[in-house]
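Working notes, structure below.
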Amino acid sequence: MEDILTVYKASQYCSVSPKTIINWIDAGHIKAYRTVGGHRRIRKPDLEAFMKQQGIPAPGADTGDERKRILIVDDDPIIVETLVMALEEEEEDYEIISASDGFEAGLQVNHFRPHLLILDIMMPDIKGYDVCKKIKENEETRDTKIIVLSAYLDDEKFKKMKEYGADLCFSKPLPLPKLKAEVSRLLGAD
């Protein structure tokens, strides 16, 4: 697993921004693949070959800090991909997975133990209200930060989500810069 790098780890390794790594991947300069969840991954030997070709010096040891885990729950794959791409561009090295419904979200919360949940209110099988309530009622997950997204957010729904434990609520379409700033703020407040 040490030979597979996230965009952030690759950026640290090369001493460039995550966006630069993404640009190099998109331009075909660095070989990369996407995980099922849409995350870019780079084999370390591929990155080192590119660095050698470009004359970029290889660094010493990298840091072993624990990465902040984010679970994105939305039944719209375009929203999920947009959020994953936006958060991968950040300086923080987030570990991001997604779930497409409330049931899968429940399983992922138990296995992945996210620090932050980005949650859609309206999903086909279970409502975001119920997911939020279950997370906050469970002693092991009650400290999980929750950001709610909805195209149907009004003051009443916002109040209801706050009662169920949501930290923040955003209306769709997503205000990505604000969302990224709030994700960083919530995860930095530990």
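The values are calculated or read from the model by the stated rules, or taken from the named source; none is laboratory data. All of these numbers come straight from a predicted model, not from anything done at the bench. Cβ coordinates were reconstructed from backbone atoms using ideal geometry, including for glycine residues, and neighbour counts include every protein chain displayed.
Sort out which residues of the stretch 1-33 are surrounded by 15 or more Cβ atoms within 10 Å (Cβ to Cβ), part of a loop (DSSP other than H, G, I, E, B) and among the β-branched types (V, I, T), and write them in order of number.
T6, I30
Counting only residues that are within 15 Å of K127 (Cβ to Cβ) and surrounded by 14 or more Cβ atoms within 10 Å (Cβ to Cβ), how many does the stretch 163-177 have? First the steps, then the outcome.
Taking the stretch 163-177 as the starting set, the residues that turn out to be within 15 Å of K127 (Cβ to Cβ) are 163-166, 169.
Now drop any that are not surrounded by 14 or more Cβ atoms within 10 Å (Cβ to Cβ), which leaves 164-166, 169.
Qualifying residue count, the stretch 163-177: 4.
Scanning for something touching a strand residue (DSSP E or B) at 6+ places or on another chain (Cβ under 6 Å), crowded, with 16+ Cβ neighbours inside 10 Å and in a strand (DSSP E or B), does the stretch 104-116 turn up at least one residue?
Checked the stretch 104-116: at least one residue is touching a strand residue (DSSP E or B) at 6+ places or on another chain (Cβ under 6 Å), crowded, with 16+ Cβ neighbours inside 10 Å and in a strand (DSSP E or B).
Of the residues E140, E90, which single one is in a loop (DSSP other than H, G, I, E, B) and closer than 21 Å to V36 by Cα? Step through it out loud before you land on a result.
Numbers: E140 fails: closer than 21 Å to V36 by Cα.
Going through E140, E90 in turn, just one is in a loop (DSSP other than H, G, I, E, B) and closer than 21 Å to V36 by Cα: E90.
How many residues, within the stretch 5-53, are out of contact with any Asp or Glu (no Cβ under 9 Å at 6 or more places or on another chain), farther than 26 Å from A99 by Cα and of a type in the set (D, E, K, R)?
3
Test E66 against the criterion of being within 19 Å of K9 (Cα to Cα) and either more than 10 Å from the chain's Cα centre (by Cα) or of a type in the set (F, W, Y) (or both), and give yes or no. Walk me through it before giving the result.
Details: within 19 Å of K9 (Cα to Cα): yes; either more than 10 Å from the chain's Cα centre (by Cα) or of a type in the set (F, W, Y) (or both): yes.
Here the answer is yes, as E66 does meet what is asked.
What's the number of the condition V36 fails, among (1) in a loop (DSSP other than H, G, I, E, B); (2) among the aliphatic types (A, V, I, L, M); (3) in contact with a helix residue (DSSP H, G or I) (Cβ under 7 Å, 6 or more places away or on another chain); (4) farther than 18 Å from L174 by Cα?
The failed condition is (3).
Quick one: in the stretch 64-87, of everything that is in a loop (DSSP other than H, G, I, E, B) and either out of contact with any strand residue (DSSP E or B) (no Cβ under 9 Å at 6 or more places or on another chain) or more than 17 Å from P173 (Cβ to Cβ) (or both), which residue is modelled with the highest pLDDT?
Looking only at the stretch 64-87, we keep the residues that are in a loop (DSSP other than H, G, I, E, B), and these are 64-68, 74-76.
From the residues that got through so far, the ones that are either out of contact with any strand residue (DSSP E or B) (no Cβ under 9 Å at 6 or more places or on another chain) or more than 17 Å from P173 (Cβ to Cβ) (or both) too are 64-68.
On the way: G64: 48, D65: 54, E66: 72, R67: 83, K68: 90.
Among those that are in a loop (DSSP other than H, G, I, E, B) and either out of contact with any strand residue (DSSP E or B) (no Cβ under 9 Å at 6 or more places or on another chain) or more than 17 Å from P173 (Cβ to Cβ) (or both), it is K68.
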